[in-house]
Amino acid sequence: MSYFFQLVASGIVVGSIYALSGLGFVLIYKSSRVLNLAHGQFISLGAFITYALTVGVGIPIYISFLLSLVITFLLAMSVERVFLRRLIGEPIISVIMVTIGLMSILNGLIYLTPFGTENFSFPEFLPKTPITMGGVSISWTQLVGVILTVILIAAFSWFFKKSTLGISMRAVSDDQMASMSIGISIPRVFGLAWAAAGFSAAAAGGIIANITGLNFDTLVSFGIIVFPVVILGGLDSIFGAVVAGIILGLIQQFAAGYLDGLWGLFGTADLVPWFILLIILLIKPHGLFGIHEIERV
Amino acid sequence: MAQNRWLATGNFFTSHRQEQRIFFTHLDRLVFICFLVIVFIWPLFIEFGNKTMLVIDNILVAIIAIYGLNLLTGYAGLISIGHAAFVGVGAYTLATFARLLGSSHVLLTHAWPLMILLAGGVGAVIGAFVGLPALRLKHLYLVIATLSFQMIFQWVINFSKFFNQGQTISIGRVFWFAGKVTRDQHYLFWYYITLIFVVVFGFAVRNLLRSRYGRCLVAVRDNDRAADAMGMHPGFTKVYAFALSGFFAGCAGALHAYMWRGVGFESFTLHHSINYLAMAIVGGLGSLMGSFFGPTAIFMLDIEVEHLSEFAKTLFPAALDLATALRPLSFGLVIVLFLMFEPRGIANWWRIARTYLKLWPFRY
């Protein structure tokens, strides 16, 4: 039974990271209806900037984490300004393809640095001994990661519910024409959405890199796995991303824990999310909490 | 009025039938035939090394794959970021035969044209299956469906013992009328075979596009409600576009497998899907000519990037592997720049050049 609880615990850890990664994706989709395929690259950028500041420059990790959030915030904003601003009003296909190109560009830029090919890991700054409770053990980094994730998601929910900017972003996602007519600047909202997405991606990157180490492929794979998460949760629901992130984290851990080795199956944790994604697309494409505005053909 | 069938300075069409001609003037046809002749006979006069021939063969195989992607993304307006997986389906169809019957079974070595078409058929079936969500969903969600197909494909290949866990599965040399294709004939032989496939499929696509089934794709792309009102079935059309795209991708995959004499997992990753998309965009989405320009341009770019990184290596020996960095960087830049400044791709430059030549020496 403690095996089960161990799986639940690690599922929640992985799931909360998925939720945080999915958050940034949902932010962009919610305001501008763009699928950002370069999300994984932003996640890894956040992680690499944190590492470079901590180890390369020698700033304490708490401050460098915050600095990386700020840097990625600005970076995502300028990406929106340079590449996506002039595509407002273009068909959605070309906007999505621009994000594919962006993903390629960022890949290339990261490969120019040692981070693209080599592995690094953060210096330990938390106690090494894991917390054990009733046979379930969680490391300090995981615990801090989960707590940070909860705080960030709460902050983002507050931002969307209460602050003027958050409300204007929701208004734009609801009806662009109407929000323009009451004086909301749509380009500014799009820019802010990208910036906020970059911010949350960097946060996710910092947390993931502390748990799994800095490996470019692993970090980028978190940007790909957000697709099952956000589809399961509903593309435009922050709450959905959180719930779906934790559900998928649990399912992945259970698959890895119970299915691997059965019938000669291996690596099911990588496969299960995509099957769930296909099933969800077939039977309930708006996900668990998305709004029901899918156009049927 | 008697028309000049050699040179046309304007639009003299009097019927829809005339407008749907492949060649508007005899001159067009003559130029095309001359071009075909040149393409078929140049290897008799010029001899390239294996490395160059490999690149040329690769371009031709990519052209077939891009026919499929162009039909899907350009004409039917459905983005696919799993095209390399469809190509992989074709290649792994051959690999399945190689694993079951041995790599030099008669079926693989003698009945290869059949095998290539069979691989196309399997690709079409899988394509239609992946396109099934298209019965209910619009493009945003279809992008994700193709992405998940790519991921599932990678998983299946990587984790199944049957497919050698992604390691190369070799495929034997083929036979033709003059016996076994030897090592030094290999690339030339596949140059001709792939070229024949390119020409035949090119005509097939061109003819498809001027039939009702081709116009149906464009109609559904432009406005699916209007298409529905005109009596087409948008969902079915999309599934059918996926099947067509899968067919071309499957054939390309089989040719790729024969040409490399083996099937390995590294040729069909997400990265390659993006390359295919880059080829389609750079060539020009929604134009047949684009299918030729795109792969050529991207492969040229690839070679240039390799040269550049080798040159850089002589300058700074410390820069270990610039090519891995410069390749995605340049591809991404090319995609983004083309989308921002020339969304109609190189095919548009071709169109401009043609109109200019047609009216020369007059400006318009």
Exercise. Among B:F299, B:F338, which is of a type outside the set (D, E, K, R), within 14 Å of chain A (Cβ to nearest Cβ) and within 20 Å of B:I63 (Cα to Cα)?
Worked result: B:F338
Seminar exercise, completed: Residues of region B:200-209 being of a type in the set (V, I, T) and either outside any helix (DSSP H, G or I) or open to solvent by less than 80 Å² (accessible area, probe 1.4 Å) (or both), in sequence order, are B:V205
Seminar exercise, completed: The residue that is surrounded by the most Cβ atoms within 10 Å (Cβ to Cβ), considering only those in region B:210-224 that are touching a helix residue (DSSP H, G or I) at 6+ places or on another chain (Cβ under 7 Å) and not charged (D, E, K, R), is B:V220
Exercise. Is there any pair with a first residue in region B:169-192 that is without any contact (Cβ under 8 Å) to a residue 40 or more places away in the chain and assigned to a loop (DSSP other than H, G, I, E, B) and a second that is open to solvent by less than 60 Å² (accessible area, probe 1.4 Å) and not charged (D, E, K, R) whose Cβ atoms are under 7 Å apart and which are 6 or more apart or on different chains, and what are they?
Worked result: B:V181/B:V174; B:V181/B:F189
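Can you name the residue in region A:118-142 that is in a helix (DSSP H, G or I) and in contact (Cβ under 8 Å) with a residue 40 or more places away in the chain and, of all such residues, is farthest from the other protein chains (Cβ to nearest Cβ)?
So the residue we want is A:T141.
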Problem set entry | Counted residues, region A:133-159 - those being within 20 Å of A:K30 (Cα to Cα), loosely packed, with under 15 Cβ neighbours inside 10 Å and among the small types (G, A, S) | 2
For this session: Of the conditions (1) surrounded by fewer than 21 Cβ atoms within 10 Å (Cβ to Cβ); (2) touching a helix residue (DSSP H, G or I) at 6+ places or on another chain (Cβ under 7 Å); (3) in contact (Cβ under 8 Å) with a residue 40 or more places away in the chain, A:V272 clears all except one; give me its number.
Result: (3)
Exercise. Looking at this structure, is B:R136 open to solvent by 30 Å² or more (accessible area, probe 1.4 Å) and within 14 Å of chain A (Cβ to nearest Cβ)?
Worked result: yes
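Could you check, for region B:234-250, whether at least one of its residues is among the charged types (D, E, K, R), surrounded by fewer than 18 Cβ atoms within 10 Å (Cβ to Cβ) and under 20 Å from the mean Cα position of the chain (by Cα)?
In the first step, residues of region B:234-250 are kept if they are among the charged types (D, E, K, R); the result is B:238.
Checking which are surrounded by fewer than 18 Cβ atoms within 10 Å (Cβ to Cβ) leaves us with none.
Within region B:234-250 (the criterion being among the charged types (D, E, K, R), surrounded by fewer than 18 Cβ atoms within 10 Å (Cβ to Cβ) and under 20 Å from the mean Cα position of the chain (by Cα)), the answer is no, since none of the residues qualifies.
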Exercise. If you check B:M279, B:M340, which single one turns out to be touching a Pro at 6+ places or on another chain (Cβ under 6 Å), open to solvent by less than 60 Å² (accessible area, probe 1.4 Å) and not β-branched (V, I, T)?
Worked result: B:M279
Problem set entry | Filter result for A:L281 (modelled with pLDDT under 85 and either of a type in the set (K, R) or surrounded by 20 or more Cβ atoms within 10 Å (Cβ to Cβ) (or both)) | yes
Exercise. Can A:M103 be described as within 17 Å of the chain's Cα centre (by Cα), part of a helix (DSSP H, G or I) and within 14 Å of chain B (Cβ to nearest Cβ)?
Worked result: yes
For this session: Would you mind finding the one in A:F65, A:F73, A:F115 that is within 14 Å of chain B (Cβ to nearest Cβ) and either in a helix (DSSP H, G or I) or more than 30 Å from A:A9 (Cβ to Cβ) (or both)?
Result: A:F115
For this session: Considering every residue within region A:235-249, establish whether at least one is open to solvent by less than 10 Å² (accessible area, probe 1.4 Å), at pLDDT 85 or above and β-branched (V, I, T).
Result: no
Problem set entry | Checklist (1) crowded, with 21+ Cβ neighbours inside 10 Å; (2) touching a strand residue (DSSP E or B) at 6+ places or on another chain (Cβ under 8 Å); (3) polar (S, T, N, Q) applied to B:T109, failing item | (1)
Exercise. When both residues are 6+ apart or on different chains and their Cβ atoms are under 9 Å apart, which pairs have a first residue that lies in region B:146-161 and is free of Cβ contacts under 8 Å to residues at least 60 places away in the same chain and at the interface with chain A (Cβ under 7 Å from one of its Cβ atoms), and a second that is small (G, A, S) and surrounded by fewer than 22 Cβ atoms within 10 Å (Cβ to Cβ)?
Worked result: B:W155/A:G267; B:F159/A:G267; B:F159/B:G166
Exercise. Would it be correct to say that B:L322 is on the phi < 0 side of the Ramachandran plot, within 14 Å of chain A (Cβ to nearest Cβ), free of Cβ contacts under 8 Å to residues at least 24 places away in the same chain and open to solvent by 10 Å² or more (accessible area, probe 1.4 Å)?
Worked result: yes
For this session: Name the residue, out of A:S221, A:S185, that is surrounded by fewer than 24 Cβ atoms within 10 Å (Cβ to Cβ) and more than 22 Å from A:L69 (Cα to Cα).
Result: A:S185
Exercise. Which of the following residues is at pLDDT 85 or above, part of a helix (DSSP H, G or I), open to solvent by less than 30 Å² (accessible area, probe 1.4 Å) and not β-branched (V, I, T): B:F86, B:F97?
Worked result: B:F86
Exercise. How many residues does region B:233-278 hold that are in contact with a Lys or Arg (Cβ under 8 Å, 6 or more places away or on another chain) and away from every other protein chain (no Cβ under 11 Å)?
Worked result: 1
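Output the residues belonging to region B:49-62 that are open to solvent by 10 Å² or more (accessible area, probe 1.4 Å) and in contact (Cβ under 8 Å) with a residue 40 or more places away in the chain.
Keep residues of region B:49-62 that are open to solvent by 10 Å² or more (accessible area, probe 1.4 Å), which gives B:49-56, B:58-60.
Matches in region B:49-62: B:N50, B:M53, B:L54, B:V55, B:I56, B:N58, B:I59, B:L60.
The values are calculated or read from the model by the stated rules, or taken from the named source; none is laboratory data. Note that this is a predicted model, so its numbers are computed, not measured. Cβ sites come from the backbone with ideal geometry, for glycine too, and all protein chains shown count toward neighbours. When the accessible area is computed, the model is the full protein with side chains, heavy atoms only, and any ligands, DNA or RNA have been set aside. Shrake-Rupley method; radii C 1.70, N 1.55, O 1.52, S 1.80 Å.
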